[in-house]
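To start, the structure itself, in structure tokens.
The values are calculated or read from the model by the stated rules, or taken from the named source; none is laboratory data. Nothing here was measured: the structure is a model prediction, and the numbers come from that model. Cβ: placed from backbone, ideal geometry, glycine included. Neighbour counts: every protein chain shown. Heads up: the accessible areas ignore ligands, DNA and RNA and are worked out on the full protein's heavy atoms, side chains in. Shrake-Rupley method; radii C 1.70, N 1.55, O 1.52, S 1.80 Å.
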Amino acid sequence: MQPSQLLDLVKTATGLETDYKVMKKYSFSSAGVSAWRTNRAFPKNDVLIRFAEILDVNAGLLMLYGLTWREKNEKAKAELNALINAIANANFDDSFIEKAEGKAVDMEKISYGNIKYSVVNHTLSGMW
């Protein structure tokens, strides 16, 4: 995803017709919005968090797009794109997040099939 595409998504979601209106409504700098429009820079993570709220998507996904956009190594970029594609094809419902308290569930409880997350050494184990 290019920064200009993300900006267009935000404009559509908010009903704002111009980049200038997005800039004014969210107090972004004109230089920042201009850089996004011309694909010279990807928004920083604090902006991506705001965009995620506007678009009602997970901020981590937008951050992955940013990381991929900034990556220079083609192999690393391909791996990040593969991860984004895997996420796009997954069926997440955010049920692992306790919305009432705003806290993440104990990571030891998260597993998928034979894959388990180890909170002790932060590794995934099992069969892929």
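Data table
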| read-out | value |
| --- | --- |
| Stretchable slack from Leu67 to Gln2, in nm (0.36 nm times residue separation minus alpha-carbon distance) | 22.2 nm |
| Spin-label pair Lys75/Ala88, simplified geometry with 7 Å Cα→Cβ offset, distance in nm | 2.4 |
| For the stretch 1-99: accessible area per residue (Å², 1.4 Å) | 64 |
| Sparse-neighbourhood loop sites, GluC sites (Glu not before Pro) in the stretch 1-84 - DSSP loop, at most 11 other Cβ within 10 angstrom | Glu17 |
| Projected label distance in nm at Thr12 and Ser34, using a 7 Å step from Cα toward the beta-carbon | 2.7 |
| Cα-based Lys proximity count in the stretch 1-75, under 26 Å, for pairs eight or more positions apart or on separate chains | 9 |
